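Rule-based calculations on the coordinates, nothing more; no lab input. Bear in mind the structure is a predicted one, so any value in this text is a computation, not a measurement. As a convention, Cβ positions derive from the backbone with ideal geometry for all residues, glycine included, and neighbour counts pool all protein chains shown.
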Amino acid sequence: MMTPASEAETAEMVASTKSALLIQGGGTRNIGAQNIGTPFSTAALSGVRLYEPGALTIVAGAGTPMAEIEATLASESQRLAFEPVDHRGVLGTNGTPTIGGAVAANVSGPRRIQAGACRDSLLGVRFVDGAGRILKNGGRVMKNVTGYDLVKLMAGSWGTLGVLTEVSLKVQAIPEAAGTVTLRGLDATAATKAMSAALGSPYDVSGAAHLPVGKDGTAVTMIRVEGLETSVAYRTEKLKAMLASTGADIEITHDAATAAQAWAWVRDVTPFHNGAGDVWRISVKPTDGPQVVAAIEARAPGAQVIYDWGGGLIWVEVTADTDVRALVSQGHATLMRASDATKDRLGVFQPEPAPLAALSAGLRTKFDPRSILNPGLME
Amino acid sequence: MDMPTPNPEVLAKKGRVVSRLRQVLPADAVISDEAETRAYECDALTAYRCPPLAAVLPASTEEVAAVLKICHDENVPVVPRGAGTSLAGGSMPTADSIILGVARMTEVLETDYENRFIRVQTGRTNLSVSGAVEEDGFFYAPDPSSQLACAIAGNIAMNSGGAHCLKYGVTTNNLMGVTMVTMDGEIMEIGGAHLDAGGLDLLGVICGSEGQLGVVTEATLRILHKPEGARPVLMGFDSNEVAGQCVSDIIKAGILPVAIEFMDRPCIRATEDFAKAGYPDCEALLIIEVEGSDQEIDAQLERILAIARTHNPVELRESSSTEESARIWLGRKSAFGAMGQINDYMCLDGTIPVSQLPYVLRRIGELSKDYGLDVGNVFHAGDGNMHPLILFDANKPGDLEKCEAFGADILRLCVEVGGCLTGEHGVGIEKRDLMVDQYAAADLDIQMAVKDVFDPKWLLNPAKVFPLQSSEPRRMAAE
Ligand SMILES: Cc1cc2nc3c(=O)[nH]c(=O)nc-3n(C[C@H](O)[C@H](O)[C@H](O)COP(=O)(O)OP(=O)(O)OC[C@H]3O[C@@H](n4cnc5c(N)ncnc54)[C@H](O)[C@@H]3O)c2cc1C
């Protein structure tokens, strides 16, 4: 394991390595197939470098533990807007999730539909490319169109374009209240309709998820609003009235702890923890969701699903070695959890159409000419 | 402004190139007459002009691809153009380039309320995207002040922002997919009605690439339901520091207004003379707008006003009607016009960390004295995106150069305090040579390497964004 203590050391180690590197933060989101290469950890590039609550910005070393970021922000009643997923449970990993890992995987939870993905909160990056050059892009201000936006490109590049050394992020204030409108007994199509209606309302919904099998065994659809107390009270009532026509049994929860737990359950894909099946993460046009799931259930009876993002994000747990991707015609499917053999056979990432694959390959060659950074991970 | 010497070989084969273009486009879509190409000689950075070799106005993605294939084959540079409202010279032609305008591509292709997106051809204006969904209660959030004229094509290329981006984000946060044609004429779909990329986020790097990676012909844009209502409040303070502190306190208190606009004394005076909005005579003025139902607005404003009162405002003006709201916005909306009334002006666009606001405003004041040029500040305070307006006299020899030097000093100051050269207008030719103040050589090199991948011959909008010296080896190699 290589563990550089500084950005300069990161650059030296990358420049002088003769073999492939397996880049990791805390190693909790290790979804690659072969995991070849010498483990290369950013864990020592840790620490909050700058935090300006009045400017809603934080800058931290890529190896900073997520928990440290969250605690720092919480001390000023702030948080990361994109509600990062903790992947340890669903992937069966242990280790310390880092901010750099969340950025590299563009990890976004339920609030993605309102506040944007991780990439939308990311203001700037510093990284070391495959040639060992120290590079930066973006900065620490909210609006920045100076040159090409490599910040977005680095988010979700899974370490294949560079080793992130420092990231700056936009943060948000924790609203004083949150409320969840829960509908029971809807099928997937009706739930998607209800979530679409809620998301297409003026009520600024910050979460919309559907569990065909909720904790108590019945189907549960959850819609969340956050804001000032008066606002949350008003909006949850409005949503309840608006969704009455679904015929579902509707209830409003204002209890913060219960709500936080329910949303963490969706965010961290808790129903699939410790399961034996493969886990897929699928991004689709929300109204396509129920058909995609029906096709999966037909191919692999017993498949379990969770809909997040108003139906646009579908987590699926299926019998090992099922080619779920073949059933997704629009959008993309990532194989998050499976045996190495299955990952080899089906590929972890969605293959890109030829012209895009050519561009991506071209970019990789520029950023990592020796092909040493997580080689093959995204291909 | 230095521009590369036009390629004589290209100039010499104008006739052949134009006749090839006529073979793939209708007669009225190829403009080669010198009098007519003048219509494309500049964008909204009018100090710099140069008519193109020719201009083409294709009506479909396929026609765009056909044009690009020919230009690729003939090694002719192409400058994509939306509505030509760039303030950075982003769509200014070179003498050896073809202007490829998307102005004829204005169709709405698909509207989907359930999945909350609209797909349009990119020649459509920003405002008419919202216009297409307005009756059903929806809108497209990014709202540059130029929204009546500017096209989605230019918005995507510049990653444009607007008055409400504090809450809704800028173009890149609202862009879900594009149809793009690369310089070699290949048509590709990137993103779509689903969220986020399955592989590398190519869409993220295309947005904001200033027409240098490909020609974007269609776009899938996120639409939202309109809020139930919106209401502004105006507050005046007797120093920039205090106004800046007030902004910071509001943000820290966890209230997220949709807009926080800031005007300083020179700007307030100019707009008062021009628009007579009845603004208070004070050092700094804030306009803060919140959204929601009436009761939600009341609750938010109550908090905001309580914070404002702790800063001893010289004026707090609430609105109780649409007319009063319009009056509050009147001066802000006419600020550019008002400054233009006094003199020619140059509008800057740097961003700074909001904590640096008082310092930066003080330094701008000092520089203004040194240069002997007046400057007014009006900007989006919530996100630190400043728009200093420097007044100069275009008819006075040397004044433009002096103004540019002053502007460059302000932008360097923005970088020095931790900010950047441009928050929403883009680099274009205007800030091209200042890029070295923000980025090291290697940082620029990796950006240019991205262009190498998308446009290996460096034919798309070639003399923009990067300092000519930095891009020279690549441009030469391509020629
Ligand atoms: C009065 C005024 C107010 C303004 N206010 C704002 C504001 O509030 N916020 C803001 O962000 N900007 C503002 N602007 C700047 C300008 O309006 C924006 O940059 C706008 O997005 C440009 O759009 P356009 O269609 O006019 O683009 P153009 O000027 O035609 O082109 C801009 C850039 O886009 C490229 N381009 C054009 N079409 C394509 C295409 N199809 N494919 C690829 N690249 C393409 C061009 O090559 C060029 O680099 C303002 C401008 C004016 C004049």
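Converting phi to 3J(HN,Hα) with the Karplus coefficients 6.51, -1.76 and 1.60 and the offset θ = phi - 60°, region A:210-223 yields 9, 10, x, 10, x, 4, 8, x, 9, 6, 10, 10, 10, 10 Hz in sequence order, with x at every glycine or proline.
Based on the reciprocal of the average 1/r between different C-alpha atoms, the Kirkwood radius for region B:113-196 equals 13.5 Å. Considering only C-alpha atoms, what is the centroid distance from region B:429-463 to region A:98-121, in Å? Computed from Cα coordinates, the inter-centre distance equals 28 Å. Rounded to the nearest 20, the size of the Cβ-charge dipole of region A:177-267 about its Cα centre is 180 debye, with Lys and Arg at +1 and Asp and Glu at -1.
How large is log10 I(q)/I(0) at q = 0.13, 0.16, 0.20, 0.21 Å⁻¹ when the Debye formula is applied to the Cα atoms of region A:242-368, each weighted equally and without solvent? Log10 I(q)/I(0), no solvent term: -0.67, -0.91, -1.18, -1.24. As an equivalent ellipsoid, region B:432-478 spans semi-axes of 17, 11, 9 angstrom, where each value is the square root of five times an eigenvalue of the C-alpha gyration tensor, largest first.
Treating each Cα of region A:177-267 as an identical point scatterer and ignoring solvent, apply the Debye formula and state log10 I(q)/I(0) at q = 0.14, 0.21 Å⁻¹. Treating every Cα as an identical point scatterer, log10 I(q)/I(0) equals -0.41, -0.98.
The Stokes-Einstein estimate for chain A, based on a Kirkwood radius over Cα pairs and taken at 25 °C with 0.890 mPa s viscosity, is a diffusion coefficient of 114 µm²/s. Overall, chain A carries a charge dipole of about 740 debye about its Cα centre when +1 sits on the Cβ of Lys and Arg and -1 on the Cβ of Asp and Glu, all other atoms neutral. Binning the C-alpha pair distances of region B:229-312 at 10 Å intervals from 0 yields a P(r) profile of 18, 49, 28, 5 %, listed from the shortest bin outward. For region A:264-339, the alpha carbon convex hull comes to 77 Å³ per residue, rounded to a whole number. Across region A:154-161, rounded Karplus estimates of 3J(HN,Hα) from the backbone phi angles (6.51 cos²θ - 1.76 cosθ + 1.60, θ = phi - 60°) give 6, 5, x, 9, 6, x, 7, 10 Hz, Gly and Pro being marked x.
Counting only residues at least eight positions apart within a chain, or on another chain, the aspartates and glutamates with an alpha carbon under 18 Å from that of residue B:13 are B:33, B:34, B:73, B:74, B:96, B:479.
Among the residues of B:419-429, the average count of other protein chain beta-carbon atoms within 10 Å of the residue beta-carbon is 4.
Classified by the C-alpha gyration tensor, chain B has a prolate form. Its axis ratio a/c, with a ≥ b ≥ c, is 1.5 or above, and a/b is larger than b/c.
Loop-located trypsin sites (Lys or Arg not before Pro) in region B:268-368 (DSSP state not H, G, I, E or B) with no more than 12 neighbouring Cβ atoms inside 10 Å: B:276.
Across peptide A:361-367, the average count of Cβ atoms from other chains found within 10 Å of a residue's Cβ is 5. Region B:54-133 and region A:29-53 have Cα centres lying 41 Å from one another. In terms of distances greater than 19 angstrom between alpha carbons, the cross-link table entries B:69/B:457; A:143/A:170; A:136/B:252; A:18/A:152; A:143/B:333 yield A:136/B:252; A:18/A:152; A:143/B:333.
Across region B:59-154, the volume of the C-alpha convex hull divided among the residues equals 101 Å³ per residue. With contacts taken as Cα pairs under 8 Å and at least 6 residues apart, region B:154-274 reaches a relative contact order of 30 percent. Straight-line cross-link reach from residue B:396 at under 19 Å between alpha-carbon atoms covers these aspartates and glutamates, not counting any fewer than eight positions away in the same chain: B:344, B:370, B:374, B:404. Helix A:256-267 and the longest principal axis of the C-alpha atoms of chain A enclose an angle of approximately 60°. Modelled spin labels at residue A:264 and residue B:320, positioned 7 Å past Cα toward Cβ, are 4.8 nm from each other.
For residue B:259, the amide hydrogen comes within under 5 Å of the amide hydrogens of B:289, counting only partners 5 or more places away or on other chains and with H modelled in the peptide plane.
When only the Cβ of Lys, Arg, Asp and Glu is charged (+1, +1, -1, -1), the dipole of the protein assembly as shown relative to its Cα centre reaches about 1240 debye.
Specify which residue in the list A:263, A:197, A:244 is farthest towards the positive end of the charge dipole of region A:177-267, using unit charges on the beta carbon of Lys, Arg (+1) and Asp, Glu (-1), about the Cα centre. Towards the positive end, the residue furthest out is A:197.
On a 0 to 90° scale, report how tilted helix A:7-16 is relative to the longest principal axis of chain A, with both axes built from alpha carbons and the result rounded to the nearest 10. The angle comes out at about 60 degrees. Placing R0 at 30 angstrom, the Cβ-Cβ distance between residue B:303 and residue B:273 gives a FRET efficiency of 0.30 after rounding to 0.05.
What does the charge count around residue A:70 come to, taking other residues whose C-beta lies under 12 Å from its C-beta (Lys +1, Arg +1, Asp -1, Glu -1)? My count for the surroundings of residue A:70 gives -3.
Counting Cβ atoms of other protein chains within 10 Å of each Cβ in A:149-159 and taking the mean gives 6. Net charge in the neighbourhood of residue B:19 (other residues with Cβ under 13 Å of its Cβ; Lys, Arg +1, Asp, Glu -1) is +4. The simple Förster model, with R0 at 45 Å and r as the Cβ-Cβ distance, assigns residue A:241 and residue A:357 a FRET efficiency of 0.40. Among the GluC sites (Glu not before Pro) in region B:108-139, those placed in a DSSP loop whose Cβ has at most 10 other Cβ atoms within 10 Å are B:135.
If you fit an axis through the alpha-carbon atoms of helix B:265-275 and take the longest principal axis of the Cα set of chain B, what angle between them do you get, 0 to 90°, nearest 10? The helix B:265-275 is inclined about 80 degrees to chain B. The order of B:410, A:69, A:36, going from fewest to most other C-beta atoms within 10 Å of their C-beta, is A:36, B:410, A:69. Debye sum, Cα scatterers, region A:7-173, no solvent: what log₁₀ I/I(0) at q = 0.17 1/Å? Each listed q maps to, in turn, -0.99. Full extension of the segment from residue B:49 to residue B:9, taken as 0.36 nm per residue of separation minus the current Cα-Cα distance, would add 12.2 nm. Structural descriptor for chain A: relative contact order 18 percent, calculated from alpha carbon pairs under 8 angstrom and at least 6 residues apart. Take A:24-33, B:424-433 and order them by the average number of nearby Cβ atoms within 10 Å per residue, most first; the result is B:424-433, A:24-33. If you take the alpha carbon atoms of the protein assembly as shown and fit the smallest convex hull around them, that volume is 152 Å³ per residue. Per-peptide packing, taken as the mean over residues of other Cβ atoms within 10 Å, places A:354-360, A:267-273 in the sequence A:267-273, A:354-360 from highest down.
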